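To keep things clear, I will list the structure first and then write my remarks on it.
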Amino acid sequence: MLLIINIGNSSLRFGIFDNNYNLKCNYSWIISSTPHRSLDEYIFIFRKTYHQYGIFSKFIQNIVIGSVVPSLTNVVKQSLYEIHKIKPIIVDRNSDSPIKHDSHQLGTDLYANAIAAYTLYKNQNTTYFLVVDFGTALSFTCIDKCGRLQGVIIAPGVNSSLNALIGNTAQLSKDIKLKKPSSILGQYTETCIQSGIIYGYLSMVEGLIHRVNQELKTNCFVIATGGFAHIYTPLTKKIHITDKLHTMKGLKILFHWNH
């Protein structure tokens, strides 16, 4: 089996895949990446999770890590080595792949999003693919069907904006659920904020997709991923497909290109 870890600013997502080219994920789980933990804490959490899912560590033959948090990469790598005695493979934008780009600052998650879109959807009747990632940051990664990266848009993430609003405002409740309100005009503080965060971000997502389509003079095939994608996708026709494991699949594809 193949273990893939996507280390993000808010969470670590784990996926267990077969070692072949099948992109079906057998198990997937998330743990928070904050606060930072010690080597022994990560070893304990990983062993406990394996036990919870009935995963035998001896069956894991390869480990792949994609990370946008350098300070976490090494401790996660060391903890996995202690458990498996396997040296994890770190993939990033410098890894071999069919993607053509000139950026020296492209995050591993965005790179994985691009390669997954190119690999999985290149038979779609479209020239461009746009991956909208509702993660710690809200990102848009555009790639064409020839594997050329067209560019990226990055905006503050949904949860980051909500936390900033609540944290900097004395009288707002700290316990506001991120869900669609019953109407666009709220009557109470909670529904007013929900309307701003849900419909405000939805308008930005739809507006940016529209502007990208205008600039490229065609309509992109839009893939949504990330922790909040499931909230926004049902509210718009601009998104064609949602896949919470899209980034993980990109990391798996990168592994096969470099193994």
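The values are calculated or read from the model by the stated rules, or taken from the named source; none is laboratory data. In this text, all values refer to a predicted model and were calculated from it rather than measured experimentally. So basically every Cβ, Gly included, is an ideal-geometry build from the backbone, and we count neighbours across all protein chains shown. For the accessible areas, the whole protein counts, side chains as well, though only heavy atoms, and no ligand, DNA or RNA atoms are used. Shrake-Rupley method; radii C 1.70, N 1.55, O 1.52, S 1.80 Å.
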Rounded to the nearest 20 debye, dipole of the chain from Cβ charges on Lys, Arg, Asp, Glu:
420 debye
Got a number for the accessible area of ARG148? Probe 1.4 Å, square angstrom, nearest 10.
120 Å²
Compute the Rg to Rh ratio over the chain from the alpha carbon atoms, using the Kirkwood formula for Rh, and round to two decimal places.
0.99
Could you sort the peptides 190-198, 84-92, 5-13, 53-61 by per-residue average Cβ neighbour count (10 Å cutoff), highest mean leading?
5-13, 190-198, 84-92, 53-61
In the chain, with Lys and Arg counted as +1 and Asp and Glu as -1 at Cβ, which of these residues, LEU202, GLY167, HIS230, has the Cα nearest the positive end of the dipole, that is, farthest along it?
HIS230
Which net charge results when you count Lys and Arg as +1 and Asp and Glu as -1 among the other residues whose beta-carbon is under 10 Å from that of ASP144?
+4
With DNA, RNA and ligands ignored, accessible area of MET1 (1.4 Å probe; Å², nearest 10)
50 Å²
Would you compute, from DSSP H runs of 4+ residues alone, the mean residue ellipticity of the chain at 222 nm, taking -39500 (n - 2.57) per run and dividing by the full residue count, rounded to the nearest 500?
-12000 deg cm²/dmol
Out of all DSSP beta bridges with both ends in the range 108-250, state the antiparallel percent to the nearest 5.
65 percent
For the chain, the accessible surface attributable to carbon and sulfur atoms (probe 1.4 angstrom, ligands and nucleic acids excluded) amounts in percent to 50 percent
Using a cut-off of 18 Å between alpha-carbon atoms, which aspartates and glutamates can reach LYS24, once sequence neighbours fewer than 8 places away in the same chain are excluded?
ASP243
Using a Gaussian network for the chain with springs between C-alpha atoms less than 10 Å apart, which of these wobbles most: LEU149, LEU245, LEU208?
LEU208
In a Gaussian network model over the chain where Cα atoms closer than 10 Å are linked, find which of LYS100, LYS77, LYS244 has the largest mean-square fluctuation.
LYS100
Where the centroid of each part is defined by its Cα atoms, how far is the range 34-96 from the range 186-203 in Å?
38 Å
Among THR108, ILE193, TYR121, flag the residue with its Cα farthest along the positive direction of the charge dipole of the range 80-234, charges on Cβ as +1 for Lys/Arg and -1 for Asp/Glu.
TYR121
Quick check for you: with a 1.4 Å probe and neighbouring chains kept, what is the accessible area per residue of the range 117-232, in Å²?
53 Å²
All-pairs Cα distance distribution in the range 1-133, expressed in whole percent, bin size 5 Å
2, 9, 18, 22, 20, 14, 9, 4, 2, 0
Total formal charge among the other residues, if their Cβ is under 13 angstrom from that of ASP40, Lys/Arg +1 and Asp/Glu -1
+1
Within the range 108-250, how many lysine pairs that are 8 or more places apart, or on different chains, have C-alpha atoms less than 27 Å apart?
25
